[in-house]
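Colleague: I'd like to ask you about the structure that follows.
The values are calculated or read from the model by the stated rules, or taken from the named source; none is laboratory data. No experiment lies behind these values; they were computed from the predicted model shown. No Cβ is skipped: glycine too gets one built from the backbone with ideal geometry, and neighbour counts run over all protein chains shown. Heads up: the accessible areas ignore ligands, DNA and RNA and are worked out on the full protein's heavy atoms, side chains in. Shrake-Rupley method; radii C 1.70, N 1.55, O 1.52, S 1.80 Å.
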Amino acid sequence: MKTAGKRGGGATGEDRTGGRTDRKGAPGAPLSHPGADPSNPLHTQPIEFIGSFPDPQVRVDPQLPEIAFIGRSNVGKSRLLNALVGRPGLARVSGSPGKTTLLNFYRLPGFYLVDLPGYGFARASEGARAGYRKLVTGYLRSRMTLAGVVWLFDIRHQPSSDDIEMQRLLAESGRPVLAVLTKADKLTRSNLPVRTRELSEALGLQQDQVQITSSQSRLGVVELATSIVAAAAGEDT
Ligand code: GDP
């Protein structure tokens, strides 16, 4: 993952544990499970849902590097998370986007995957938008353990104003970012490089900072899993 912009500040908030632990996903899935892909480094590791938290400074124990997932509502984040770890029921594929304003933590042996709520839900109220901004801005700016951000786009769409706002926030935070283009199965193979180039230019991303994926066809999923493991270990890929 490449770093963009300047480094953000350190953690300033209180270190308190807050929030609900109602389980959005399956509890500690077993290590070996049907359909595991041995070439995917995330399929052969145990994963456990830790909880959903409203506080960007929440203390999780043990402290480990975190890889955050963020993108517009309905971008395919839940389905991609499930494909990445090989557990179809882990993150809930949304019927009603924009409902979650909590950080969902999933623990693997060496790091956490953190599912940030999706942005840009058209029918969200002003209050919900403000709450969202506070949660996500607080997390991206100040979280000491955040090792990298996986930023998702639907490969078919132009960046929205919310995407551009997120671009500013990510650049300002200085976090390493890997941009992931989702739902590649919706385009023809010959269109993929064209859209990748267009979106990279529109978002100011380097081509090697962009991964094309499809949760449906599994395109790019092993590559993304490999990049995540490397980023969590502090390696620049
Ligand atoms: P989220 O709101 O970002 O978590 O998005 P979801 O994972 O809930 O997916 C939103 C919708 O897009 C659902 O109807 C999914 O089935 C669909 N979807 C997600 N990923 C893919 C994909 O790779 N290919 C196709 N064709 N549809 C997808």
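Colleague: Within region 167-176, work out how many residues are crowded, with 23+ Cβ neighbours inside 10 Å and of a type outside the set (Ser, Thr, Tyr).
Modeller: So the first thing to find is which residues in region 167-176 are crowded, with 23+ Cβ neighbours inside 10 Å, and the list is 173, 175.
Restricting the remaining residues to those that are of a type outside the set (Ser, Thr, Tyr) gives 175.
The qualifying residues number 1.
Colleague: Arg59 passes all but one of (1) modelled with pLDDT of 95 or more; (2) touching a strand residue (DSSP E or B) at 6+ places or on another chain (Cβ under 9 Å); (3) open to solvent by 20 Å² or more (accessible area, probe 1.4 Å); which number fails?
Modeller: Every condition holds for Arg59 apart from (2).
Colleague: Go over the candidates Thr100, Thr188 one by one and state the one that is in a loop (DSSP other than H, G, I, E, B), at pLDDT 95 or above and out of contact with any His (no Cβ under 7 Å at 6 or more places or on another chain). Spell out how you get there, then give the answer.
Modeller: Working: Thr100 fails: at pLDDT 95 or above.
From the options Thr100, Thr188, the qualifying one is Thr188.
Colleague: Taking Glu165, is it in a helix (DSSP H, G or I), more than 17 Å from the chain's Cα centre (by Cα) and over 22 Å from Leu84 (Cα atoms)?
Modeller: Values: in a helix (DSSP H, G or I): yes; more than 17 Å from the chain's Cα centre (by Cα): no; over 22 Å from Leu84 (Cα atoms): yes.
Criteria not met by Glu165.
Colleague: From the set of residues in region 129-153 that are surrounded by 15 or more Cβ atoms within 10 Å (Cβ to Cβ) and touching a Gly at 6+ places or on another chain (Cβ under 8 Å), which is nearest to Arg195 (Cα to Cα)?
Modeller: Within region 129-153, the match that is nearest to Arg195 (Cα to Cα) is Phe153.
Colleague: Could you check how many residues of region 193-237 are closer than 18 Å to Arg175 by Cα and polar (S, T, N, Q)?
Modeller: Going residue by residue through region 193-237, those that are closer than 18 Å to Arg175 by Cα are 200, 203-211, 224, 227-237.
The next check asks that each one be polar (S, T, N, Q); those that pass are 200, 206-207, 209, 211, 227, 237.
Here the count works out to 7.
Colleague: To continue, here is another question. Could you check, for region 65-88, whether at least one of its residues is away from the ligand (no atom under 16 Å from the Cβ) and open to solvent by 10 Å² or more (accessible area, probe 1.4 Å)?
Modeller: Scanning region 65-88 turns up at least one residue that is away from the ligand (no atom under 16 Å from the Cβ) and open to solvent by 10 Å² or more (accessible area, probe 1.4 Å).
Colleague: Next up: Does Arg156 satisfy the criteria of being assigned to a helix (DSSP H, G or I), surrounded by fewer than 16 Cβ atoms within 10 Å (Cβ to Cβ), over 15 Å from the mean Cα position of the chain (by Cα) and charged (D, E, K, R)? Break it down stepwise before answering.
Modeller: Numbers: assigned to a helix (DSSP H, G or I): no; surrounded by fewer than 16 Cβ atoms within 10 Å (Cβ to Cβ): yes; over 15 Å from the mean Cα position of the chain (by Cα): yes; charged (D, E, K, R): yes.
So Arg156 does not fit the description; no.
Colleague: Among what's in region 182-237 and is of a type in the set (Asp, Glu), in contact (Cβ under 8 Å) with a residue 24 or more places away in the chain and away from the ligand (no atom under 16 Å from the Cβ), pick the residue that is nearest to Pro65 (Cα to Cα). First the steps, then the outcome.
Modeller: We begin by selecting, within region 182-237, every residue of a type in the set (Asp, Glu); these are 185, 198, 201, 208, 223, 235-236.
Right, trim to in contact (Cβ under 8 Å) with a residue 24 or more places away in the chain and you get 185, 208, 236.
Imposing the further condition that a residue be away from the ligand (no atom under 16 Å from the Cβ) reduces the set to 208, 236.
On the way: Asp208: 23, Asp236: 14 Å.
Among those that are of a type in the set (Asp, Glu), in contact (Cβ under 8 Å) with a residue 24 or more places away in the chain and away from the ligand (no atom under 16 Å from the Cβ), it is Asp236.
Colleague: Filter region 119-160 for residues that are more than 29 Å from Ser190 (Cα to Cα) and among the charged types (D, E, K, R) and give the result. Steps first, please.
Modeller: Residues of region 119-160 more than 29 Å from Ser190 (Cα to Cα): 119-148.
Selection gives Arg123, Glu126, Arg129, Arg133, Lys134, Arg141, Arg143.
Colleague: Here is a list of conditions, (1) modelled with pLDDT of 95 or more; (2) under 22 Å from Ala225 (Cβ atoms); (3) among the hydrophobic types (A, V, I, L, M, F, W, C), and Leu140 meets all of them except one; can you say which number that is?
Modeller: The number of the failed condition is (2).
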